[in-house]
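Have a look at the structure below, then the notes.
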Amino acid sequence: MSTQITIMLIMLVCSAYFSATETAFSSLNKTRIKTLAEKGNKRAERVLNLSEKYDKLLSTILIGNNIVNIVLSSICTVFCIDLAAKAFTNVNPQSTQSIGTTLATVISTVAVLIFGEITPKSLAKEYPERFAMVSAPLISFLMVVLTPLSLVFGGIKLVLGKVVKSKDDHKMTQDELLTFVDEVEQEGGIDKEESELLRSAIEFTDREASDILTPRTVLEAVDEDSTNDEIAKIFSETGYSRLPVYSGSIDSIVGIIHQKDFFGKINGTDNSVMSIVNKPVFIPLSMKISDILKLLQKNKSHIAVVVDEYGGTTGIVTMEDILEELVGEIWDEHDEVVEDFVKLSEDTYRILCSMDLDKMFKFFEIEDETDSATVSGWVLEKFGCFPQVGEKFEFSNIAVEVLVADDQRVSEIQVTVKAPEETENEEE
């Protein structure tokens, strides 16, 4: 009887081992294991190799777990039947067998549930990498021993896989990747600044030239016939290091001049500004900023001229504009610091209409189907014309009022967040 108890305890320990190993390998952080392996940790290398053979690993774990649970249940049944026969000597053998079987079912189920499943899996979930590295040597050996059975079950899986074809795409989507970044930030793996940088890098390829360009209405450029004094004055007043050069009209940009070249080779001489212009890089509105960056690097240029479908100039995109999409606003000593958002009161904000529309939507937690990239475009879309100062409209949970506008554009608006009860009353 003591031998039976010993075997049952051993089987229970084995059941706990298989359960913990399964949870550890399904929960471990592969990046962390890979980092340890690259630092020379042999156990981490073994865990990494096993995780790359996860199907075979899982088959071995399930086969081993079922074997030890069946052995445990069988021995427990024999043990309890013998125990019942000795305890109930006056009861007929059929009744003692029934009592023993019921007792064995209860004992084995509770023991496996508590000590073979819940407890080891909970512990392994807390420390998956540590459990995986401890269990790796034995499970590697068992994978070799149980290879014949694994092959059988693997073949069955292949057959069933052909019968039940999965159409699911197992690739991680961008939304899932962003959610993963949020989870890592919440768990304390990265700070807020690192999280924002990662999110910007993930969303980087979605942005287009139209999202970040400097529009032609505020574009600083010089005519090819401008005098040196006029060009020097523009460089001095703007603080820009580069300026587009146009011929007759801003729609006909013929080159880019660098401040260093102008003051070093042209200013104070009779030479034409056209002798130092660099060839402009032209891009369409729909070009992705990741492609623009590659194009600027290839052409060793810092400015790309954005043109519309008719060849007219829509604006420019600079290298700085692209980098700001990754690292945030970059200010230099010549930039006038202007806040896109200014909080006027608890629920009221002044907003520059040149800012990115997605940023405003995200801030106020609203959504709208629109083709506009800026707040200005969205406001014009809502009014259907150029509004006058003081005109208002309401959308979702916000009220919008025009603060600064002229006949050509809307420059500033005031946004007031409505109280929840106001929104509910409107919906009713």
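The values are calculated or read from the model by the stated rules, or taken from the named source; none is laboratory data. Nothing here was measured: the structure is a model prediction, and the numbers come from that model. Backbone-built Cβ (ideal geometry, glycine too); neighbour counts: all protein chains shown. Ligands, DNA and RNA are excluded from the accessible area calculation, which covers all protein heavy atoms including side chains. Shrake-Rupley method; radii C 1.70, N 1.55, O 1.52, S 1.80 Å.
Filtering segment 261-290 down to residues that are more than 12 Å from ALA209 (Cβ to Cβ) and among the hydroxyl-bearing types (Ser, Thr, Tyr), which residue is most open to solvent (accessible area, probe 1.4 Å)?
Of segment 261-290, the ones more than 12 Å from ALA209 (Cβ to Cβ) are 261-280.
Then drop every residue that is not among the hydroxyl-bearing types (Ser, Thr, Tyr), which leaves 269, 272, 275.
On the way: THR269: 56, SER272: 61, SER275: 82 Å².
Going through the qualifying residues, I end up with SER275.
Suppose we filter VAL404, VAL400 for residues that are in contact with a helix residue (DSSP H, G or I) (Cβ under 9 Å, 6 or more places away or on another chain) and at pLDDT 85 or above; which single one remains? Quick ask: steps written out before the conclusion?
Numbers: VAL404 fails: in contact with a helix residue (DSSP H, G or I) (Cβ under 9 Å, 6 or more places away or on another chain).
Result: VAL400 is the single residue among VAL404, VAL400 that is in contact with a helix residue (DSSP H, G or I) (Cβ under 9 Å, 6 or more places away or on another chain) and at pLDDT 85 or above.
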Can you work out which of the residues in segment 63-106 that are out of contact with any helix residue (DSSP H, G or I) (no Cβ under 6 Å at 6 or more places or on another chain) and outside any helix (DSSP H, G or I) is modelled with the lowest pLDDT? VAL91
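So, of the residues in segment 31-62 that are of a type in the set (Gly, Ala, Ser) and either assigned to a helix (DSSP H, G or I) or within 27 Å of the chain's Cα centre (by Cα) (or both), which turns out to be farthest from ARG130 (Cα to Cα)? Steps first, please.
First pass over segment 31-62, keeping only residues of a type in the set (Gly, Ala, Ser): 37, 40, 44, 51, 59.
Subsequent filtering for residues that are either assigned to a helix (DSSP H, G or I) or within 27 Å of the chain's Cα centre (by Cα) (or both) retains 37, 44, 51, 59.
Values: ALA37: 13, ALA44: 9, SER51: 14, SER59: 21 Å.
Filtering segment 31-62 for residues that are of a type in the set (Gly, Ala, Ser) and either assigned to a helix (DSSP H, G or I) or within 27 Å of the chain's Cα centre (by Cα) (or both), the one farthest from ARG130 (Cα to Cα) comes out as SER59.
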Any residue in segment 171-184 that is open to solvent by less than 40 Å² (accessible area, probe 1.4 Å) and touching a Leu at 6+ places or on another chain (Cβ under 6 Å)? yes
Under 7 Å between Cβ atoms, which residue pairs at least 6 apart in sequence (or on different chains) link something in segment 42-71 that is closer than 10 Å to SER15 by Cα and open to solvent by less than 50 Å² (accessible area, probe 1.4 Å) with a partner that is at pLDDT 85 or above and of a type in the set (Ser, Thr, Tyr)? ILE61/THR21; ASN65/SER15; ASN65/SER19; VAL68/SER15; ASN69/SER15
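Could you tell me whether PHE386 is surrounded by fewer than 16 Cβ atoms within 10 Å (Cβ to Cβ) and modelled with pLDDT of 90 or more?
Working: surrounded by fewer than 16 Cβ atoms within 10 Å (Cβ to Cβ): yes; modelled with pLDDT of 90 or more: no.
No.
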Verdict on VAL152 being open to solvent by 100 Å² or more (accessible area, probe 1.4 Å) and modelled with pLDDT of 70 or more: no
Output the number of the condition that ILE303 fails; it satisfies all remaining conditions of (1) at pLDDT 85 or above; (2) more than 23 Å from SER252 (Cα to Cα). (2)
Being over 24 Å from TYR127 (Cα atoms) and not charged (D, E, K, R) narrows ILE107, ILE61 down to just ILE107
Restricting attention to segment 190-197, does a residue exist that is modelled with pLDDT of 80 or more and open to solvent by 50 Å² or more (accessible area, probe 1.4 Å)? no
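Could you please find all residues in segment 1-25 being surrounded by fewer than 17 Cβ atoms within 10 Å (Cβ to Cβ) and closer than 25 Å to PHE180 by Cβ? Write out each step before concluding.
Residues of segment 1-25 surrounded by fewer than 17 Cβ atoms within 10 Å (Cβ to Cβ): 1-7, 9-10, 13.
Those that are surrounded by fewer than 17 Cβ atoms within 10 Å (Cβ to Cβ) and closer than 25 Å to PHE180 by Cβ: none in segment 1-25.
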If you check PHE115, PHE88, PHE79, which single one turns out to be open to solvent by 60 Å² or more (accessible area, probe 1.4 Å) and touching a residue at least 24 places away in the same chain (Cβ under 8 Å)? PHE115
If LEU293 passes every condition in (1) within 18 Å of THR314 (Cβ to Cβ); (2) open to solvent by less than 60 Å² (accessible area, probe 1.4 Å); (3) within 35 Å of the chain's Cα centre (by Cα); (4) among the aliphatic types (A, V, I, L, M) but one, which one does it miss? (1)
Consider segment 352-368. How many of its residues are over 16 Å from LEU380 (Cα atoms) and touching a helix residue (DSSP H, G or I) at 6+ places or on another chain (Cβ under 7 Å)? 1
So which residues in segment 398-412 are open to solvent by 40 Å² or more (accessible area, probe 1.4 Å) and touching a residue at least 24 places away in the same chain (Cβ under 8 Å), if there are any at all? LEU403, GLN408, ARG409, GLU412
Any pair with Cβ under 6 angstrom, 6 or more apart, that starts in segment 318-344 at a residue that is closer than 26 Å to PHE282 by Cα and in a loop (DSSP other than H, G, I, E, B) and ends at one that is open to solvent by less than 100 Å² (accessible area, probe 1.4 Å) and modelled with pLDDT of 75 or more: ILE330/GLU320; ILE330/GLU324
Would you pick out the residues in segment 196-245 that are touching a residue at least 60 places away in the same chain (Cβ under 8 Å) and part of a strand (DSSP E or B)? GLU208, THR214, PRO215, ARG242, PRO244
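Does ILE250 count as closer than 14 Å to VAL307 by Cα, in a strand (DSSP E or B) and touching a helix residue (DSSP H, G or I) at 6+ places or on another chain (Cβ under 9 Å)? Walk me through it before giving the result.
Working: closer than 14 Å to VAL307 by Cα: yes; in a strand (DSSP E or B): yes; touching a helix residue (DSSP H, G or I) at 6+ places or on another chain (Cβ under 9 Å): yes.
Judged against the criteria, ILE250 is a match.
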